[in-house]
Amino acid sequence: MSQAATQVNIISPLTGIMVPIGDVPDPVFSKKMVGDGFSIDPLSNTLLAPIDGQIADLQAARHALTIRSAVTRVWLPAARGLVETVALGGKGFTAHGAPGDAVKTGDELITFDIDQVACDAKSLLTQVVITNGELVESITPTHGLKHAGEDVAATVVLKKAVGQ
């Protein structure tokens, strides 16, 4: 029995300009050490849920979280290079949820003081990373300006399960 591959649209979690993940100045992301995805240069300070799911993890510094959906896991650092935002110790970040909370696409997840973070971190680039890449056939990011909670930022095609 042949079925079409499952396709998932990842909605932009921030208003901003799309940036290829390979262009991110942090090699943890540009070399896809934590997974494949895309980056956004933010023009807004509120990170929204890009998919329906459940908050699986919220970092102690409130700078990043993971959403587990029915089909994939999406890791969202709410701005900036991994090391710099961890070093901020949560300063400038406010979480609007906790592990176990159900979220719908467009729900507020994290707000941050964009000016403070811009002064304290090397970059405002925000990565969106699919962490269960073993299930992913392809990730196709879009280009240009995206509006948070409205525009598709990337399309993820999942591999067919054995026996499908």
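The values are calculated or read from the model by the stated rules, or taken from the named source; none is laboratory data. Nothing here was measured: the structure is a model prediction, and the numbers come from that model. Methodologically, a virtual Cβ is constructed for each residue, glycine included, from the backbone with ideal geometry; neighbour enumeration extends over all protein chains shown. Note: accessible area is taken over every heavy atom of the protein model, side chains too, but ligands, DNA and RNA are not part of it. Shrake-Rupley method; radii C 1.70, N 1.55, O 1.52, S 1.80 Å.
Considering segment 59-70 alone, what residues qualify as being in a strand (DSSP E or B), out of contact with any helix residue (DSSP H, G or I) (no Cβ under 8 Å at 6 or more places or on another chain) and open to solvent by less than 40 Å² (accessible area, probe 1.4 Å)?
Here is the first cut: in segment 59-70, the ones in a strand (DSSP E or B) are 64-68.
Next cut, out of contact with any helix residue (DSSP H, G or I) (no Cβ under 8 Å at 6 or more places or on another chain) only: 65-68.
Leu65, Thr66, Ile67, listed by residue number.
In the set Leu135, Leu124, Leu145, which member is hydrophobic (A, V, I, L, M, F, W, C) and in contact with a helix residue (DSSP H, G or I) (Cβ under 6 Å, 6 or more places away or on another chain)?
Numbers: Leu135 fails: in contact with a helix residue (DSSP H, G or I) (Cβ under 6 Å, 6 or more places away or on another chain); Leu145 fails: in contact with a helix residue (DSSP H, G or I) (Cβ under 6 Å, 6 or more places away or on another chain).
Being hydrophobic (A, V, I, L, M, F, W, C) and in contact with a helix residue (DSSP H, G or I) (Cβ under 6 Å, 6 or more places away or on another chain) holds for just one of Leu135, Leu124, Leu145, which is Leu124.
Checking Val129 against (1) surrounded by fewer than 22 Cβ atoms within 10 Å (Cβ to Cβ); (2) in contact (Cβ under 8 Å) with a residue 40 or more places away in the chain, which single condition isn't satisfied?
All conditions pass for Val129, except number (1).
Can you pull out the residues in segment 3-53 that are among the hydrophobic types (A, V, I, L, M, F, W, C) and not in a strand (DSSP E or B)?
Going through segment 3-53, the residues among the hydrophobic types (A, V, I, L, M, F, W, C) turn out to be 4-5, 8, 10-11, 14, 17-19, 21, 24, 28-29, 33-34, 38, 40, 43, 47-49, 51.
Across segment 3-53, the qualifying residues are Ala4, Ala5, Leu14, Ile21, Val24, Val28, Phe29, Met33, Val34, Leu43, Ala49, Ile51.
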